[in-house]
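Visitor: Structure in structure tokens, see below.
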Amino acid sequence: MTGIAAAKAPPFALPGEHFAAGIAFLVLGTIGSFLVAPDLAAGAFPLPRVVGVTHLFTLGWITTSIMGALYQFLPVALGEPVRSIRAAHVTFGLHVPGLLAFVAGMVLGQGVLLLAGATAFGIALMIFIVNLAATLMKAARRDVTWWALAAADLFLLVTLVLGLALAGNLRWNYLGPARFLALGTHLHVALGGWVLLVIVGVAHRLLPMFLLSHGAGDRPARAAVALLATGAGILTVGHHGPPLLAHWLPTLCLGAGLGAFLLQARLFYRHRHRPALDAGMRLAAAALVLLASGLGLALVATALPGAPHIRLAYVVAIILGISVFIAAHYYKIVPFLVWYHRFGPQAGKQPVPRVAELYSNRLATVAGTLLTLGAALLITGVAAGSTTAAQVGALVLATGASIEGLQMAALARRRP
């Protein structure tokens, strides 16, 4: 980060508070996954406690991390800082306690607390959506990353509308039997239209930078953005329509979009000029394998519609694959931010450590191994309907998340 991009970078506190909350949500989510592992193994996804834990991952760990990363990423990738720093802090102040209240209300069966939390984080997400849209409108650079983020911002709005409708239905039951259709639409628009589009757009810049990758091209990334946006769009407008619009076309587009992203990531790894991978990039590669397993399970679930455990397993695989991919990037982004803000100004005046020396690569490898192994065991347990495998996997996953959380906390305390 030099020159104009550095001048437009946000204060350290803005991404820092999001990353701190994000890692806390990850630890809570993995602990929660252990508690609901018997429900997952039984295929009981619609249970309120399971949905609550799912939101600790999707809205807590994943979305909070995305917010913090985008605040730091936008000046570098698009040449524009987030439109309003103040609005970004307000978003954080409403989003985190609102989500905690929502999950608590869902788990405890307290409707008032649930709706109050949903209202708070709903307002937060609306502020974020407007803030991001205003930033994108000012950006002169309209590349793959810009289009991915613009589409993701739109589908975050769709996800929010569907989610609030589902939250209200828990109290007033106005959706009736259509609630399962609404739940499936909400989940797939959130994962495909919001999260994966952001990951494609951001990884298109970060993976080549971290891997020193050149010459991979970007045609698969362009295809991924087009396919994911098309699939989420068809699902949004056609989920009440005939099977072709409500199921087959969105499935084909979203699956092909994820496949195109995996191909692009593979090309980045193949064209890297850094042969030895650090713990973060090894973990990112493992996360891509988890996402590929989710895509494979989705194909099986589509071919065998009477296999509920496989359907749930592919959702778990996609969520955990995304979660591990983000965890991998924490090992690249957080050390750099700490070094840049705290050690960078001292460089040349006194001896300072290198970025990679701010944390233990060996301990990061242990954390990454546990995260990967735990995710694989949990996915296997859900697919096989095995409570024991699911619980062991969740416990291993929580251990890996806790180790990474402790490393991030230690990093946050590092000073010259």
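The values are calculated or read from the model by the stated rules, or taken from the named source; none is laboratory data. Because the structure is predicted, anything quoted here is derived from the model rather than measured. Heads up, the Cβs are rebuilt from the backbone with ideal geometry, glycines too, and the neighbour counts pull from every protein chain shown. Areas reflect the complete protein model, heavy atoms only, side chains present, ligands, DNA and RNA absent. Shrake-Rupley method; radii C 1.70, N 1.55, O 1.52, S 1.80 Å.
Visitor: Can you tell me which of G321, G280 is among the small types (G, A, S), in contact with a Lys or Arg (Cβ under 9 Å, 6 or more places away or on another chain) and touching a residue at least 24 places away in the same chain (Cβ under 8 Å)?
Guide: Just one listed residue meets the conditions, G280.
Visitor: So, one more: Name the residue that is most open to solvent (accessible area, probe 1.4 Å), counting only residues in region 262-310 that are under 30 Å from A384 (Cα atoms) and among the basic types (K, R).
Guide: R266
Visitor: Among the residues of region 374-384, what is the count of those that are touching a Gly at 6+ places or on another chain (Cβ under 8 Å), more than 15 Å from V315 (Cβ to Cβ) and either in contact (Cβ under 8 Å) with a residue 24 or more places away in the chain or open to solvent by less than 40 Å² (accessible area, probe 1.4 Å) (or both)?
Guide: Residues flagged as touching a Gly at 6+ places or on another chain (Cβ under 8 Å), more than 15 Å from V315 (Cβ to Cβ) and either in contact (Cβ under 8 Å) with a residue 24 or more places away in the chain or open to solvent by less than 40 Å² (accessible area, probe 1.4 Å) (or both) within region 374-384 amount to 2.
Visitor: Hey, A313 hits all of (1) open to solvent by less than 30 Å² (accessible area, probe 1.4 Å); (2) at pLDDT below 95 but one; which does it fall short on?
Guide: (2)
Visitor: Can you name every residue in region 98-107 that is more than 19 Å from the chain's Cα centre (by Cα), open to solvent by 30 Å² or more (accessible area, probe 1.4 Å) and modelled with pLDDT of 95 or more?
Guide: Answer for region 98-107, where residues must be more than 19 Å from the chain's Cα centre (by Cα), open to solvent by 30 Å² or more (accessible area, probe 1.4 Å) and modelled with pLDDT of 95 or more: just A104.
Visitor: Take the residues in region 131-142 that are in contact with a Lys or Arg (Cβ under 9 Å, 6 or more places away or on another chain) and free of Cβ contacts under 8 Å to residues at least 24 places away in the same chain, then tell me which one is surrounded by the fewest Cβ atoms within 10 Å (Cβ to Cβ).
Guide: My answer is M137.
Visitor: In addition: Tell me, which residue of region 150-195 that is under 17 Å from G255 (Cα atoms) and open to solvent by less than 10 Å² (accessible area, probe 1.4 Å) is farthest from the chain's Cα centre (by Cα)?
Guide: Going through the qualifying residues, I end up with T185.
Visitor: Sticking with this structure for a sec: Check off (1) assigned to a loop (DSSP other than H, G, I, E, B); (2) open to solvent by 20 Å² or more (accessible area, probe 1.4 Å) for P10 and give me the number that stays unchecked.
Guide: (2)
Visitor: Moving on to the next point. Does L254 count as under 24 Å from the mean Cα position of the chain (by Cα) and outside any helix (DSSP H, G or I)?
Guide: Taking the combined requirement at face value, the residue does not satisfy it.
Visitor: Moving to a separate point now. Return the residues of region 241-292 that are among the hydroxyl-bearing types (S, T, Y) and within 19 Å of R205 (Cβ to Cβ); say none if nothing qualifies.
Guide: Y269, the sole residue that qualifies.
Visitor: Here's a follow-up. May I ask you to verify whether F336 is surrounded by fewer than 22 Cβ atoms within 10 Å (Cβ to Cβ), in contact with a helix residue (DSSP H, G or I) (Cβ under 6 Å, 6 or more places away or on another chain) and of a type in the set (A, V, I, L, M, F, W, C)?
Guide: Taking the combined requirement at face value, the residue satisfies it.
Visitor: On the basis of being open to solvent by 40 Å² or more (accessible area, probe 1.4 Å), outside any loop (DSSP other than H, G, I, E, B) and modelled with pLDDT under 95, does V112 make the cut?
Guide: Criteria met by V112.
Visitor: Within region 46-67, can one find any residue that is outside any helix (DSSP H, G or I) and open to solvent by 10 Å² or more (accessible area, probe 1.4 Å)?
Guide: Yes, some residue in region 46-67 is outside any helix (DSSP H, G or I) and open to solvent by 10 Å² or more (accessible area, probe 1.4 Å).
Visitor: Would a scan of region 329-339 turn up a residue that is under 18 Å from T380 (Cα atoms), out of contact with any Lys or Arg (no Cβ under 8 Å at 6 or more places or on another chain), among the hydrophobic types (A, V, I, L, M, F, W, C) and touching a residue at least 24 places away in the same chain (Cβ under 8 Å)?
Guide: Within region 329-339 (the criterion being under 18 Å from T380 (Cα atoms), out of contact with any Lys or Arg (no Cβ under 8 Å at 6 or more places or on another chain), among the hydrophobic types (A, V, I, L, M, F, W, C) and touching a residue at least 24 places away in the same chain (Cβ under 8 Å)), the answer is no, since none of the residues qualifies.
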